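Following: one structure in C-alpha cells, then a few remarks.
Each value in this text was obtained by applying a stated rule to the coordinates, not by laboratory testing. Because the structure is a prediction, the values reported are computed rather than measured. Positions of Cβ are generated from backbone atoms using ideal geometry, with glycine treated the same way; all protein chains shown enter the neighbour counts.
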Amino acid sequence: MNEIQITNQLSGKLSAGINLYRDIKNPDPQKLEIHIQNELSSIIKKYRENMPSGYNFSRKLYREFHIDPTKNRPSSEALWRRLKNKGNFPRVNPFVDLTNLLSLKFQICFGLYDMEKIEGKISLILGTDRDQYQGIRKDILHMKGKITLIDSEGAFGNPSSDSLRACVNASTSNIMQVLFFHKQDPDASKLIQETIATFKKFFQIRDIQSDLI
C-alpha cells in the first residue's frame, strides 16, 4: 500500500487531524456495543435540553467558508439532532459506529475512508464546480464552495457527508480518519489523541500514524 500524502490548502481557516490505522480488526463487538450504549445514555442525559457548546466551533468553521450551518449542517450536529429528536443513533459497522460516537462526544466532524479506495495524493481544498461525488445513501453531492477532500480520482469527502466511493465497510483493514477542526480550536491535539486511545481500546491495530495539518 502506498504511503498517504495529504496537503491542506485551507490551513488559514481549518486544521485537520489525520489518523491512519493499518491492519485494523474488531476483536470484541460486544464490548464495543456496551460502550456505545453507555456513552449514548450519558450524552442524552447531559444534553437533553441544550445543544452542546462544542458545536459552536463546527458552525464557526462552516461560516469561515460562507456556508450556512443551519442549512448545510456539520455531520456532528446532524447526528446530535437525530439522537435528541428521534432517539436514533445510526448503525453501520463497528468502525463507523465508534467514529460517529466520538463525533457526538467531541462535537466535531469526522470523515472515515478506506485507504485502499483512495488514489494518489490527497488535498483539502475549497471545492469547485467540477467537484462532486455519489453520497452514501444520497444523490450526487456538489462540492462547489465547500470544504472538500480530493485525490487523483476526484472529490471523496466533506465534513457534512462522505462518498460512496471511499466508504468504510466491516471488512476494511486500512482506514484513514479525518477530524475537521476550526483553526482556533484549542483542543485539536488532545481530541486526536483521545480518538486514537479509544480506537486502540476496542480494535486490534498493527500500526497507527497521526498528524495535525
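When only the Cβ of Lys, Arg, Asp and Glu is charged (+1, +1, -1, -1), the dipole of the stretch 6-212 relative to its Cα centre reaches about 720 debye. On the beta carbon distance between Arg81 and Arg22, with R0 = 41 Å, the FRET formula returns roughly 0.75. Backbone amide hydrogens, once placed in the peptide plane, bring Gly145 within less than 5 Å of Gly127, Thr128, excluding anything fewer than 5 places away on its chain. Within the chain, helices built from complete DSSP H runs that reach 20 Å or longer along their own axis (Cα positions) and carry a mean Kyte-Doolittle hydropathy of -1.0 or higher are 29-46, 188-202.
Across the alpha-carbon set of the stretch 18-99, the Rg to Rh ratio works out to 1.02, Rh being the Kirkwood radius. Whole-percent P(r), the stretch 1-41, all Cα pairs, 5 Å bins from 0: 5, 14, 15, 12, 14, 13, 16, 11, 1. Listed cross-link partners Lys84/Lys183; Lys13/Lys200; Lys46/Lys190; Lys121/Lys190 are compared with a 23 Å cut-off, the Cα-Cα value being larger for Lys84/Lys183; Lys13/Lys200; Lys121/Lys190. Taking 20 Å as the straight-line reach from the Cα of Lys144, the aspartates and glutamates in range (excluding those fewer than 8 positions away in the same chain) are Glu64, Asp68, Asp129, Asp131, Glu153, Asp162.
With the charge dipole of the stretch 6-212 set up from +1 on Lys and Arg Cβ and -1 on Asp and Glu Cβ about the Cα centre, the Cα lying farthest toward the positive end among the listed residues Gly154, Leu124, Leu40 is that of Leu40. Using a cutoff of 8 angstrom between alpha carbon atoms and counting only pairs six or more residues apart, the relative contact order for the stretch 6-212 works out to 38 percent.
Exposure proxy ranking for Asp139, Asp207, Asp162, Asp151, based on other Cβ atoms within 10 angstrom of each Cβ and starting from the fewest, stands as Asp139, Asp207, Asp151, Asp162. Only the Cβ atoms of Lys and Arg (+1) and of Asp and Glu (-1) were treated as charged; on that basis the dipole of the stretch 118-200 about its Cα centre amounts to roughly 60 debye. Reported value for the stretch 137-213: 134 Å³ per residue, from the convex hull of its C-alpha atoms. Summing Lys and Arg as +1 and Asp and Glu as -1 over all other residues whose Cβ lies under 14 Å from the Cβ of Asn88 gives a net charge of +4.
In the chain, the convex hull through the Cα atoms has an average projected area of 10.9 nm², a quarter of its surface area.
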